[in-house]
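As structure tokens, the structure follows; a few thoughts come after it.
The values are calculated or read from the model by the stated rules, or taken from the named source; none is laboratory data. Owing to the predicted nature of the structure, the values given are computational and were not obtained by experimental measurement. A quick note on method: Cβ atoms are made from the backbone with ideal geometry, for glycine too, and the neighbour counts reach across all protein chains shown. Calculation scope for accessible area: heavy atoms of the full protein, side chains included, ligands and nucleic acids excluded. Shrake-Rupley method; radii C 1.70, N 1.55, O 1.52, S 1.80 Å.
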Amino acid sequence: MKLVFAGTPEVAVPALDALIASGRHEVAAVVTRPDAPAGRGRHLVASPVAERAAEAGIEVLKPAKPRDEQFLARLREIAPDCCPVVAYGALLPKVALDIPARGWVNLHFSLLPAWRGAAPVQHAVMAGDEITGAATFLIEEGLDSGPVYGTVTEEVRPIDTSGDLLTRLAFAGAGLLAATMDGIEDGTLKAVPQPADGISLAPKITVEMAHVDWAAPALRVDRVVRGCTPAPGAWTVFRGERLKLIQAALVTDRTDLAPGELAAAKNNVYVGTGSHAVELLWVQPQGKKPMRGADWARGVRIAPGERLGAADVR
């Protein structure tokens, strides 16, 4: 088939690579989000998908909105058979959905109908799911509600961050998307409607959702830290300033600390929760680089009974 691939971030690159390498289909063009400012200089930078497509000599389309008439006209000229999608980042209007003969097929990083929305991996980690996966489905106008072509499953490991899990799913999903294109082309794969039961939503993780509640059980605190890493980053407050929490560990044998209460040892720093303590392994103070929790604790000289989350952010 002639394909137009739509995607933007690094997580979409393995799928693009898999389609290019398959040799069975032609990736005629790539659709991605416009260049965005990045780095200290805030210079415009092309998306990872745009950079990979340019390296492969593939035409890159960067519409400000996918309903722009110039973009739609070019898509009609290319006349793709199918448009595979991975984390494109913009809502596709019906006028665009109607152009490819076999539709737009999305690789979504959950086992649909679970975790429909922008942040399925983060929500799976934060909810404590033991198994998740990826699914390919035919895009329709509803939110991730189209019929499913295929799935792959992936175990959520006890220390997985959302970044760890998403990396594995990106590569497993790349193979699934390539196989889905093959099955659509040869007629052996039919999309099956999603069940009405088991629907859950995964909206974008907001900064407030990443704010750690120390009165919650330790298991919940651990899941929030892992689910919000690397983005947007779990956080708390220390002496009126934000403290980013990069990595924590459960400490089941310590229950002597009140929620948010800190206790520093020579090589460790602990904080109380609604159940047992957690150890802060890596943190990032406001305006500084990431550092080991014990190093941070030595630098700030924690006072007896001092707590996290006990003051407003400055």
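Below is a table of values for the structure above.
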| item | result |
| --- | --- |
| Peptides 156-164, 7-15, 195-203 ordered by average Cβ neighbours within 10 Å, highest first | 7-15, 156-164, 195-203 |
| Fraction of antiparallel bridges per DSSP, the chain only, in percent to nearest 5 | 70 percent |
| Alpha-carbon spread of the chain, three principal axes, descending order, Å | 70, 46, 30 |
| Estimated [θ] at 222 nm from DSSP helical runs (n ≥ 4, -39500 (n - 2.57)) normalised by residues in the chain, nearest 500 | -7500 deg cm²/dmol |
| Fraction of accessible area attributable to carbon and sulfur, the stretch 20-83 (%, probe 1.4 Å) | 48 percent |
| Which of VAL269, VAL192 is most accessible, then next, and so on - probe 1.4 Å | VAL192, VAL269 |
| Contact order normalised by residue count of the stretch 6-128, Cα under 8 Å, 6+ apart, percent | 25 percent |
| With Cα atoms, 0 to 90° folded angle of helix 162-186 axis to the chain main axis | 10 degrees |
| Radius of gyration and Dmax over the Cα atoms of the stretch 145-234, both given in Å | 17.1, 55 |
| Relative contact order [Cα under 8 Å, 6+ residues apart], the stretch 246-314, whole percent | 33 percent |
| Within straight-line cross-link reach of LYS190, lysines at Cα separation under 25 Å, skipping those fewer than 8 residues along the same chain | LYS2, LYS94 |
| On Cα atoms only, tilt of 13-22 relative to the major axis of the chain in degrees | 30 degrees |
| Restricting the stretch 48-134 to GluC sites (Glu not before Pro) in coil, as DSSP defines it, with at most 13 other Cβ within 10 Å | GLU130 |
